[in-house]
Amino acid sequence: MRRLAVPVGVMAVVVGAFGYVGSVDPNEPGHYPVCPLLRLTGLYCPGCGGLRSAHAFAHGDIAAALGSNALAVAGYVLFAVLWVVWTARAARGRPLSIAAGPALWWGIGAVLIVFSVVRNLPFGAALAP
């Protein structure tokens, strides 16, 4: 059980965060700060709509979560898969090692930039929050 302490602790923090966002509606003004990039430029960053996405996801409304920020929903799924792998390996006493070389980080950066650009163009309006 001691080997599972860290993965279970991480999941407890994530569940607590989703519980808070699920109970405090980001669709009502005044609960959360506005994205500085959106406020200053009117452009959506890759995280814009992430709180609304998490709120909808916490309430089981996957369609609304995807509509608010599809990339965030992909992140939730990726986190869930990695957490299950991490927990299974920890239960067996084997550490989780993810080789995150420069190519992976450049790829993640490229996805974030392309997502940001597309959601701010007229043909990518479906990706805007």
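The values are calculated or read from the model by the stated rules, or taken from the named source; none is laboratory data. These figures come from a predicted structure and were not determined experimentally. When we count neighbours, we look across all protein chains shown, and the Cβ atoms used for this are built from the backbone with ideal geometry, even at glycine. SASA here: full protein model, heavy atoms, side chains in, ligands and nucleic acids out. Shrake-Rupley method; radii C 1.70, N 1.55, O 1.52, S 1.80 Å.
For the range 33-113, with all protein chains in place and a probe radius of 1.4 Å, 75% of the accessible heavy-atom surface sits on carbon or sulfur. From the largest down, the range 1-56 spans 49, 21, 16 angstrom on the principal axes of its Cα atoms. Once all protein chains are placed together, Met11 keeps about 50 Å² accessible to a 1.4 angstrom probe. Principal-axis analysis of the Cα atoms of the chain puts helix 70-91 at an angle of about 10° to the longest axis.
Considering the range 1-117 at the alpha-carbon level, its Rg and Dmax are found to be 16.6, 50 Å. Mean sequence separation of contacting Cα pairs (under 8 Å, at least six apart), scaled by the length of the range 52-115, corresponds to a relative contact order of 20 percent. Would you be so kind as to identify which of Ala80, Leu4, Ile113 lies farthest towards the positive end of the dipole of the chain, taking Lys and Arg as +1 and Asp and Glu as -1 on Cβ and the Cα centre as origin? Positive-most Cα among the choices belongs to Leu4.
Between Arg39, Arg89, Arg52, the Gaussian network model of the chain with springs among Cα atoms under 10 angstrom shows the greatest mean-square fluctuation at Arg39.
For the range 1-46 and the range 54-107, what is the separation of their C-alpha centers, rounded to whole Å? One Cα centre to the other: 14 Å.
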